[in-house]
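Participant: Let me give you the structure first, and then I'll get to my questions.
The values are calculated or read from the model by the stated rules, or taken from the named source; none is laboratory data. Quick caveat, the model's predicted, so the values are computed rather than measured. Cβ coordinates were reconstructed from backbone atoms using ideal geometry, including for glycine residues, and neighbour counts include every protein chain displayed. These area figures cover heavy atoms from the full protein model, side chains too; ligands, DNA and RNA do not enter into them. Shrake-Rupley method; radii C 1.70, N 1.55, O 1.52, S 1.80 Å.
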Amino acid sequence: MRTEPITGPSGTPVPVARTLHWGRWLSAAVALVIAGWLVYLVVVNPRLDWGKVAEYLFNERILSGVWVTIEISVLATALGLVLGVLVAVMRLAHNPVLSALASGYIWFFRGTPVLVQLIFWYNLAFLFPELVLKIPFTMIGLKWDTNQVMTGFTSAMLGLGLNLAAYFAETVRAGIQAVDHGQTEAAYALGMTPAKRMRVIVLPQALRIIIPPTGNEFISMLKTTSLVYVVAGHDLMTNASQIYKANNRIMELLIVASLWYMLMTAVATFLQGRLERRFGSDAVRLVRGGGLAARILPKAAA
Amino acid sequence: MNPGVESAEPGGQSGAASGIEPVVRASGVRMSYGDVQVLNGVDFAVAPGEVSCLIGPSGSGKSTFLRCMNGLEPVLGGSLRVLGEEVGHTLRDGRYRPWTPKEFAAFRRNIGMVFQRFNLFAHHSALENVACGPVHVLGAPADRARSLAMEHLERVGLAAHAHKRPHQLSGGQQQRVAIARALAMNPELMLFDEPTSALDPELVDEVLEVMKGLAAEGMTMVVVTHEIAFAREVGDWLTFFADGVVVERGRPRELLANPAHERTRAFLSSVRNQKERQEP
């Protein structure tokens, strides 16, 4: 908006008047009143004991629940990422059987609710009372009691990880397919095998497309872990619910849990922003040797 | 350096008679995309050290034929021998066995290819592009590969741009990096697929100069091009493609001055008219 005076027909500067946006002021005021009233209703509610919120915010069980939630989120995301790349590569394979199997996997895990999958893994003992890993036709191997392996924690990790893999596979596939086919031809013309072309040329470029949605998947995972409370995974939501079942302070403990989820999401959002600034642009480069981390090091002051 | 190549008589090639194995030898090569026949029996040969240019209207199959030479497109009929091997197959126990991806990769190491659209690796700097083949394909130590890559960049006049990404370079510079990348593998044969067609007119010459230098050093080259002047000046042989076959083949000066076929005459006059419209 212009503030500098305009020289009028008389030759002297004439100031510019401010436009008053009455509509904006009015709608802002109405929205603020409604939102403030709703918050007020909750905050001053005599049945809500804020002292209890403060008391339980740093409760030992809540803190250990926060830690378990972070552990499950990180492990399930790691499992989902690794398996997702594998499924995506299978989906794009020339082998029609591998490709169909990958499609079937994606369809199954996207087609069933994650809650159902969690309960399924937790109750795996109904189908297989014992888990046996042995060399066929011999007696050499290992055996576990399914109920001891499939704790709330492991079934949560498996259920959430396998589920994420199905979604992530589609992200990876889109990323791989977005890399220009000319890159593949140039890699082949140099004498690369298909596997080397994928690892050295295509995947590093596909990362630019894959990484931003990965941050969203992790943030979403932080909150999806709350479903784990149906299998008693001792995560934040499970522990909060166990406390409120004992003392009946349901609202207070839901507020405590929400505050922690919001804090974790804020931290993850901050990390996601840094990740995207690092990899989202074209700051991905290849260094030979030193494993994956060295391969995708940001370019030093290039 | 100019063994007579008579495409009209496949096999009647004096290079073979004098005991020199041709680098490329095609007889009756056929290729199709589904029902569309792209190559209809191509006969062709290149002797070591020769520069062979392919011209012809778009869709005539010249690019496809070039891509067949390093196995980027499959040969579906006839015989195509490159660097002493039947491309895509090896004779074993009385049968031709199709190559595995590994065998294709090993074969392509000795053949450099330059694309119309450069296809530089977008996540690498110019230097990394050139070092990429030696490091990842030949397993050369990284520092040695980088210093060699620098020499190749110097050769194409781009040492000062070694650390730039492809998108920071002009089309002509990108194509020169692409040539350096191919040369870094020490190829026995260089294939050029319309290397200047995607360039702004003022950038064409810098790429052609690099190619002339290569030809002068005795590199065996097959060049698909629309640059008639380059073909006349640098090429040992000129081959005119139309409708998936070689229409005629000869010394560039003779073929351009006295084309034997009506099809060649029509093509050459349309190219010249275009050139005149660009340079009145």
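Participant: How far apart, in nanometres, would the label points at A:R18 and A:L38 be if each is projected 7 angstrom from Cα along the Cα-to-Cβ direction?
Facilitator: Reported label-point gap for A:R18 and A:L38 is 3.1 nm.
Participant: How much of the accessible area of the protein assembly as shown, probe 1.4 Å, is carbon plus sulfur, in whole percent?
Facilitator: Carbon and sulfur: 60 percent of the exposed surface of the protein assembly as shown.
Participant: Counting DSSP beta bridges with both partners in the protein assembly as shown, what percentage is antiparallel, nearest 5?
Facilitator: Percentage antiparallel, nearest 5: 65.
Participant: Let me ask something else. Keeping every protein chain in place, order A:V132, B:V204 by accessible area at 1.4 Å, biggest value first, i.e. largest first.
Facilitator: Putting A:V132, B:V204 in descending order of accessible area: A:V132, B:V204.
Participant: For a test of the definition: using alpha carbon positions, the gyration tensor, and the 1.5 limit on a/c, classify chain A as rounded, prolate or oblate. Please list the in-between numbers first.
Facilitator: Values: a/c = 2.75, a/b = 1.21, b/c = 2.27.
In terms of gyration-tensor shape, oblate.
Participant: Using a 1.4 Å probe on the heavy atoms of the protein chains only, list every residue of the stretch A:170-193 that has 30 Å² or more less accessible area in the complete assembly than in its chain alone.
Facilitator: A:Q183, A:E185, A:A186, A:Y188, A:A189, A:L190, A:G191, A:M192, A:T193
Participant: Related question: May I ask you to give the solvent-accessible area per residue for the protein assembly as shown, in square angstrom, as obtained with a 1.4 angstrom probe?
Facilitator: 52 Å²
Participant: Give the longest segment of chain A that steers clear of chymotrypsin sites (Phe, Trp or Tyr not before Pro) in DSSP loops with at most 13 neighbouring Cβ atoms within 10 Å, not counting the sites themselves. Could the numbers behind the result be given before it?
Facilitator: On the way: sites that count: A:F58, A:F137.
That gives A:138-302 as the longest site-free run.
Participant: To the nearest 0.05, how large is the calculated FRET efficiency for B:I20 and B:H261 if R₀ is 41 Å and r is the Cβ-Cβ distance?
Facilitator: With R0 = 41 Å, the Cβ-Cβ based efficiency is 0.90.
Participant: Shifting gears a bit: Quick one: go through the stretch A:240-254 and flag any residue whose amide nitrogen is under 15 Å from the point 7 Å out along the Cα-to-Cβ line of A:N45.
Facilitator: Flagged as within label range: A:248-254.
Participant: Please give the FRET efficiency for A:L142 paired with A:Q177, using the beta carbon to beta carbon distance and R0 = 35 Å, rounded to the nearest 0.05.
Facilitator: 0.30
Participant: If DNA, RNA and ligands are ignored and the probe is 1.4 Å, what is the ranking of B:S58, A:S220, A:S73 by accessible area, most exposed first?
Facilitator: Output order, biggest surface exposure first: B:S58, A:S220, A:S73.
Participant: Let me ask something additional. What total accessible surface area, summed over both chains, is buried at the interface between chains A and B, computed with a 1.4 Å probe and given in Å² to the nearest 100?
Facilitator: Numbers: alone 19160 and 13240 Å², together 30050 Å².
Chains A and B together bury roughly 2300 Å² of accessible area.
Participant: Subtracting the Cα-Cα distance from 0.36 nm times the residue separation, let me have the gained length for B:S170 to B:D243 in nm, one decimal.
Facilitator: On the way: separation 73, 0.36 × 73 = 26.28 nm, distance 3.41 nm.
Once the chain is fully extended between B:S170 and B:D243, it gains 22.9 nm.
Participant: A follow-up question, please. Rounded, prolate or oblate: which fits the stretch B:141-227 when a ≥ b ≥ c are the square roots of the eigenvalues of the alpha-carbon gyration tensor, with rounded for a/c under 1.5 and prolate only if a/b beats b/c?
Facilitator: Since a/c reaches 1.5 but b/c is at least a/b, the shape of the stretch B:141-227 is classed as oblate.
Participant: Mind listing which GluC sites (Glu not before Pro) in the stretch B:166-275 are in a DSSP loop and have 12 or fewer other Cβ atoms within 10 Å?
Facilitator: In loop regions of the stretch B:166-275 (DSSP not H, G, I, E or B), the sparsely surrounded GluC sites (Glu not before Pro) are B:E217.
Participant: Using a 1.4 Å probe on the heavy atoms of the protein chains only, list every residue of the stretch B:108-153 that has 30 Å² or more less accessible area in the complete assembly than in its chain alone.
Facilitator: Buried by 30 Å² or more upon assembly, which counts only protein chains, are B:R108, B:F115, B:N119, B:F121, B:A122, B:H123, B:H124, B:E128, B:V135, B:H136, B:V137.
Participant: Moving to a separate point now. When a/c reaches 1.5 or more, the comparison of a/b and b/c decides; with that in mind, is chain B rounded, prolate or oblate per its Cα gyration tensor?
Facilitator: It is oblate, given that a/c is not under 1.5 and a/b is not larger than b/c.
Participant: GNM, chain A, Cα, under 10 Å: largest mean-square fluctuation among A:G182, A:G36, A:G191?
Facilitator: A:G36
Participant: With springs connecting C-alpha atoms under 10 Å apart, model chain A as a Gaussian network and identify which of A:L160, A:L236, A:L86 has the largest mean-square fluctuation.
Facilitator: A:L86
Participant: While we're here: Test of understanding: in a Gaussian network model of chain A with alpha carbons linked when under 10 Å, which of A:V231, A:V149, A:V42 would top the mean-square fluctuation ranking?
Facilitator: In this elastic network of chain A, the residue with the biggest mean-square fluctuation among A:V231, A:V149, A:V42 is A:V42.
Participant: Another question, if that's okay. Are there DSSP H segments in chain A that both extend 15 Å or more along their axis (alpha-carbon positions) and score a mean Kyte-Doolittle hydropathy of at least 0.0? List them, or say none.
Facilitator: Membrane-span-like by this criterion, though nothing is claimed about a membrane: A:22-43, A:60-91, A:96-111, A:152-178, A:203-224, A:250-275.
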